[in-house]
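Peer 1: Here it is, the structure, as C-alpha cells.
Nothing in this text is a laboratory measurement; each read-out follows from the coordinates by a stated rule. From a predicted model like this one, the values you see are computed outputs, not experimental measurements. Reconstructed Cβ throughout: ideal geometry from the backbone, glycine too, with neighbour counts over all protein chains shown.
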Amino acid sequence: MGLEARLKQLESRLSSRGILLERSYDPDECITHLGLDPVAVREAVQSTGSSIVVAVSAMLGIEPREFARLLKEKANLVRW
C-alpha cells in the first residue's frame, strides 16, 4: 500500500470514529516535513520502481519496516 493510500485510510478510520482532523494530509507536505524534496522522492520512485515509503525510508536511512512502524506509531498517537 502506498503512503498516500495509507494516509487516506487512516484519515477515513479517524473520521468514522467521530474524530475530526484539523485538515487533510497532503503527501508532499508530509515529505517536506521530513526534510525531503517531494520532487526528488518521486524521481527516486520512478527510477527504482519502488514505493514512496521505500524511497523515503532509503533517503532517511531507515529500514522500510522501521519507517512503517514509526508512521503507525505516530498515527496511533493522533487517535488518542
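Peer 1: Exposure proxy check: Leu77, Leu36 ranked by fewest other beta carbons within 10 Å?
Peer 2: The fewest-first ordering by Cβ neighbours comes to Leu77, Leu36.
Peer 1: Ok, one more. 7 Å from Cα along Cα→Cβ at both Lys72 and Tyr25: what's the point-to-point distance in nm?
Peer 2: Using points 7 Å along Cα→Cβ, the separation is 1.4 nm.
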